[in-house]
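Before any comments, here is the structure.
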Amino acid sequence: MTAMRQKAVLLIIDGCGDLPAAALSGLTPLEAAHTPVLDRLAGAGLYGLVDPIQPGEVPNTDSGVGLLMGLAPDRARSVKRGPVEAAGAGRPLRAGEVAMRANFATIESRQGELWVSDRRAGRITQGTAELAAALNGMNLGDGVRAEFRSTDQHRGVLVLIGPGLGPDASGTDPGDRVIPARVRTSKARNPASELTAAKINRFVKTAHEILPDHPVNHERQAAGRPLASGIITRGAGARVDSRNVLHDLGLRVAAVAGCNTALGLSRLFGFDTVYRPSFTADQDTNLEDKVAAALEALDAHELVYIHVKAPDLFAHDHDPVGKRDFIERLDRSIRPLATAGIVVALASDHTTDSNTGVHTADPVPSLLFDPSVAHRSDGRVVSFGESSCRLGNMPRQRSHQLLDRVLRCMGYAP
């Protein structure tokens, strides 16, 4: 007998998981938040902990989101951030091109070395298109040129175009753990990528020569804001295979997002993307409109993703209180999903620690509500969060297994 088919919304709350924070009396932002909707969904459904990749491994946004979107686990490490960001910017890669994720950053020269004092240039939001235009089309020699596009906030994508490029070159981003820090030197991981590493280093050096004197930075300096005086890069990669388990099932899938990474993964996988200017990758995103757009998209799709970036940003900025408050706002916004008669799941790409501002290997709190079996609830009261999920009624599993569980609730057998 064929199982009843149901439609589903899967919420991907970027960086939702966290660690206890002193500012919240030893609770995590999710535990400290008042979340009656999430509590009700968990209490009437399944809830527990999920390891995005595998226990002990720190995920990135691209791998963590990708696995929830049907990326095969054995391919999680092969999809690099650069091609994803390029796809999100509407720039699919051609054969032989190499792309990498880029940040506008506050960079200064110290005794001939470049140092980063702010990896996000104060989370710059204005003037990035003008700054990108000053770098776009840069001639790097040896027939190689750079295409540079800004995406959202401080983020951008760098594409290298020309002969002899390989994708296996390291990034120049020093990461969040110790700032200020030296800009790293890109290095080739194999001889075929030596030219790529050299051109990345040349681009980073030349960008720092150009950007400090740009009119946008003159305005930022006059206003006392951090300068977008350089570029740092990571996640170099070439064109990727877009195979996806959801394709194999013949599902029509859509993604509602404002984050370029989520949009890029959706486009790489051939999903329909739902984007509006009010769908940002920041705390000002219109959550109510995202939920309304997802419910509308269910008319033509079996599965719809909603991606929300802001909790991750609050944690990166060491702001557990802001993260708690945003989660409460998120909870209010998803009330229509709880009464729509659809499968509702919530998961995350990784845990982001508000104390240190970095991703961690901790499992993420997750839930799965199936309206067709919700009447089986034993009436338990759940305060949805990391601690309750450790003792939840859903076994600890990995992201691709949670997606399989969602698909089975929908009536599909992956």
Please work out the FRET efficiency for the pair Glu296 and Lys205, using the Cβ-Cβ distance as r and a Förster radius of 45 Å; give the result to the nearest 0.05.
0.40
Given contacts defined as C-alpha pairs under 8 Å and at least six residues apart, what's the relative contact order of the range 272-355, whole-number percent?
30
Test of understanding: ordering Ile342, Ile232 by Cβ neighbours within 10 Å, fewest first, what list do you get?
Ile342, Ile232
Estimated distance in nm for a label pair at Leu391 and Leu249, the labels positioned 7 Å out from Cα along Cα-to-Cβ
3.2
Would you be so kind as to identify which of Met100, Tyr275, Ala181 lies farthest towards the positive end of the dipole of the chain, taking Lys and Arg as +1 and Asp and Glu as -1 on Cβ and the Cα centre as origin?
Met100
Using +1 at the Cβ of each Lys and Arg and -1 at the Cβ of each Asp and Glu in the chain, identify which of Thr172, Gly385, Asn190 lies farthest towards the dipole's positive end.
Asn190
Scan [x] 48, 32, 23; [y] 38, 24, 18; [z] 66, 24, 15 for the value of semi-axes √(5λ) of the Cα gyration tensor in Å calculated from this model and give just the label.
[y]
Around Ala21, under 12 Å between beta carbons, what's the net of Lys plus Arg minus Asp minus Glu among the other residues?
-3
Mind checking the dipole of the range 54-159: about its Cα centre, +1 per Lys or Arg Cβ, -1 per Asp or Glu Cβ, Debye to the nearest 20?
140
If you take every DSSP beta bridge whose two residues both sit in the chain, what share of them, in percent to the nearest 5, is antiparallel?
65
If you put +1 on each Lys and Arg Cβ and -1 on each Asp and Glu Cβ, how big is the dipole of the chain around its Cα centre, in Debye rounded to 20?
680
Going through the DSSP H helices of the chain, which span 18 Å or more along their own axis at the Cα atoms while scoring at least -0.5 as a mean Kyte-Doolittle hydropathy?
194-210
Distance between the C-alpha centers of the range 86-127 and the range 57-75? Whole Å please.
23
Mean-square fluctuation check for the chain, GNM, Cα pairs under 10 Å: which of Asp213, Asp18, Asp317 is largest?
Asp213
Arg77 versus Ser117, label points 7 Å from Cα toward the beta carbon: distance in nm?
3.8
Rounded, prolate or oblate: which one fits the range 29-105, using the alpha carbon gyration tensor with axes a ≥ b ≥ c (rounded when a/c is under 1.5, else prolate when a/b beats b/c, else oblate)?
prolate
Size of the dipole of the range 86-237 about the Cα centre, Lys and Arg at +1 and Asp and Glu at -1 on the beta carbon, nothing else charged, in debye to 20?
340
Give me Ile53, Ile327 sorted ascending by neighbouring Cβ count inside 10 Å, so fewest comes first.
Ile53, Ile327
Ranking of Met410, Met100, Met69, Met394 by count of other Cβ atoms within 10 Å, fewest first:
Met394, Met410, Met69, Met100
Which residues does a label at Ala95 reach in the range 180-198, if reach means a backbone N under 20 Å from a point 7 Å past the Cα toward the Cβ?
192-193, 196
Please identify every one of the trypsin sites (Lys or Arg not before Pro) in the range 323-414 that sits in a loop by DSSP and has no more than 15 other beta carbons within 10 Å of its own beta carbon.
Arg380, Arg396
Could you let me know the centre-to-centre spacing of the range 292-370 and the range 214-289, using Cα atoms, in angstrom?
16
The range 1-48 and the range 128-171 have their Cα centres apart by a whole-number Å value of 38
Rank Leu30, Leu298, Leu71 by mean-square fluctuation in a GNM of the chain with C-alpha springs under 10 angstrom and give only the top-ranked residue.
Leu298
In what sequence, highest mean first, do 182-194, 214-226 appear when ranked by Cβ atoms within 10 angstrom?
182-194, 214-226
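Here, each number is a calculation from the coordinates, and none is a lab measurement. Every value quoted in this text rests on a predicted model; they were computed, and no experiment measured them. Note that we place each Cβ from the backbone using ideal geometry, even for glycine, and neighbour counts take in every protein chain shown.
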